[in-house]
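Notes to accompany the following structure.
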Amino acid sequence: MIVRADIISQPESGKYPERIFDNPNVWNSPGWSWVKFTNADGREWVGHFRGAPGRTACSVPLKETIVLTSDYVFRLSNSLEYIRKLEEKSPFLEFEWQPPYRELAVAPSGAFIFADDYQVEKMNDGLADKTVIDTPLEIENIKFTGWNGDRLAFTCDAFPDGKQQLMMELDTNTWKISSKGLVS
């Protein structure tokens, strides 16, 4: 089972077992990202993903990993059976083309959380099934800053003036966002 996924620079050829994750498309960018995966047994391998590097998140409870690049969001299974069969079938469970997302996190429950510049979303049963989480006011320039227990902290700007930088918090038990005041 995959337990860790880290974006790395292009590895030396032959250093790790490698797998290409791509969706052939004439609109793809020429860029690539490399992600080093670590399995529960400590074995490491590298995936090549179409697009410039973005973010990765590994959900042990859901047994899934998300890789976000400039071109795609790739959803992969973490199961050992899936890893063994990578050469026999599609290398990913599903993908989303030209994602708007800039931020990615995993809640302690295992749920994936995405953010673009204007909204935060929780993935439900797949990439096509996400819930937009209501915010107490319109915001932009969302940046995840870390966890405080089950609460994901993030900064953002008040929309539309962008003059006030706010600290917000997403409670992943209630899936409610609250304002924590101005960033000092």
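With label points built 7 Å along Cα→Cβ from the Cα atoms of Ser70 and Asn25, find their separation and express it in nm.
1.5
Which value, in debye to the nearest 20, describes the size of the charge dipole of the chain about its Cα centre when Lys and Arg Cβ atoms bear +1, Asp and Glu Cβ atoms bear -1, and nothing else is charged?
On the way: 20 positive and 27 negative charges, 93 e Å.
Here the chain has a charge dipole of around 440 debye.
Full extension from Ile8 to Ala40: what is 0.36 nm times the residue separation minus their Cα-Cα distance, to one decimal in nm?
9.6 nm
Just order 72-78, 118-124, 2-8 by mean Cβ neighbour count inside 10 Å, highest at the front, would you?
72-78, 118-124, 2-8
Looking at region 1-98, what % of its DSSP beta bridges pair antiparallel, to the nearest 5?
Restricted to region 1-98, the bridges split so that about 90 percent are antiparallel.
Arrange the peptides 19-31, 130-142, 102-114 so that the one whose residues have, on average, the most other Cβ atoms within 10 Å appears first.
Going by the mean number of other Cβ atoms within 10 Å, highest first, we get 102-114, 130-142, 19-31.
Run the numbers for Val132 and Trp147: contour at 0.36 nm per residue of separation, minus the present Cα-Cα distance, in nm.
Extending this stretch completely gives an extra 3.4 nm.
Starting from 0.36 nm per residue, how many nanometres of slack lie between Glu140 and Val60 once their C-alpha separation is accounted for? Don't skip to the end; give the middle numbers.
On the way: separation 80, 0.36 × 80 = 28.80 nm, distance 3.02 nm.
That works out to 25.8 nm of additional length.
Which of the three applies to region 108-164, rounded, prolate or oblate, going by the alpha-carbon gyration tensor with a ≥ b ≥ c and a/c under 1.5 meaning rounded? List each step's numbers first, then the result.
Numbers: a/c = 2.65, a/b = 1.48, b/c = 1.80.
It comes out oblate by the Cα gyration axes.
Rank-order 61-69, 42-50 by packing density, defined as the average count of other C-beta atoms within 10 Å over each peptide's residues, highest first.
Top to bottom by mean Cβ count within 10 Å: 61-69, 42-50.
Readers should treat all values here as calculations from the given coordinates under stated rules, not as data from a laboratory. Bear in mind that the values here come from a model prediction, so they are computed numbers and not experimental data. So basically every Cβ, Gly included, is an ideal-geometry build from the backbone, and we count neighbours across all protein chains shown.
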